[in-house]
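Q: This structure is in structure tokens; I'll ask about it shortly.
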Amino acid sequence: MWRWFILAAAIITAAAASGSQGQDASDLAEGQRLYQQKADCQACHGWAGDGQNRASEMPAGANLRETKLNRAGIVTVIKCGRLNSQMPAFDKFAYSDGRCYGKKEADLKAYPTRMPDPPSTLQQREIDLIADFLLAKIVGKGPMDHAKCVEFWGSEADPCKTYTK
């Protein structure tokens, strides 16, 4: 009897933990809005997260559809940027106290590629929402196609017309 109780408790706990990453529709929509607007991730990574940006003046971002980073890695990169690259740090205090990669602002001068300022800084909750959106809609989803585009936008949006049905 106790074994069944323990097994049921473990299943319930696992189910609750897997759903605790902000997977409800309103959180995913907010993560998408932050990705597209406030953080303007699409300027470098493209709206589909495939690294195909449409803004020629912006650097090409990584293809997030193929990243091997887990949630913690994605959160760290959003928060701290990537050293010696064009990926900005979205945490306002990222290099003020060594919280990111153990580095401070003065340490960044040693890198030949200067990390740009982000379009805006993000709070931890916003970083988490973007990470959850990426994991739900972009990371590991393979190349974009018509069906994925419609699922991504929730309808037959203009970008989906470029893909064959």
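The values are calculated or read from the model by the stated rules, or taken from the named source; none is laboratory data. All of these numbers come straight from a predicted model, not from anything done at the bench. Positions of Cβ are generated from backbone atoms using ideal geometry, with glycine treated the same way; all protein chains shown enter the neighbour counts.
Q: If I filter the range 93-110 for residues that are closer than 19 Å to L34 by Cα and polar (S, T, N, Q), do I get at least one hit?
A: no
Q: Further, regarding this structure: I need the full set of residues from the range 119-135 which are more than 19 Å from E66 (Cα to Cα), at pLDDT 95 or above and of a type outside the set (K, R), in order please.
A: Of the residues in the range 119-135, the ones more than 19 Å from E66 (Cα to Cα) are 119-129.
With at pLDDT 95 or above added as a condition, the list becomes 121-129.
If the condition is that a residue be more than 19 Å from E66 (Cα to Cα), at pLDDT 95 or above and of a type outside the set (K, R), then T121, L122, Q123, Q124, E126, I127, D128, L129 are the ones that fit.
Q: Cβ-Cβ distance below 9 Å, separation of 6 or more or different chains: which pairs start in the range 143-165 with a residue that is within 19 Å of N63 (Cβ to Cβ) and end on one that is surrounded by 12 or more Cβ atoms within 10 Å (Cβ to Cβ) and among the polar types (S, T, N, Q)?
A: Note: pairs meeting the criteria are M144/Q52; F152/Q32.
Q: Same structure again: Of T76, T164, which residue is within 12 Å of the chain's Cα centre (by Cα) and of a type in the set (S, T, Y)?
A: The unique qualifying residue is T76.
Q: A further question follows. Are any residues in the range 41-66 of a type in the set (G, A, S) and either in contact with a strand residue (DSSP E or B) (Cβ under 7 Å, 6 or more places away or on another chain) or not in a loop (DSSP other than H, G, I, E, B) (or both), and if so, which ones?
A: So in the range 41-66, the residues of a type in the set (G, A, S) come out as 43, 46, 48-49, 51, 55-56, 60-62.
Scanning the range 41-66 gives a single hit, A43.
Q: List pairs: first in the range 94-113 and acidic (D, E), second surrounded by 12 or more Cβ atoms within 10 Å (Cβ to Cβ), Cβ under 7 Å, 6+ apart or cross-chain?
A: E105/Y95
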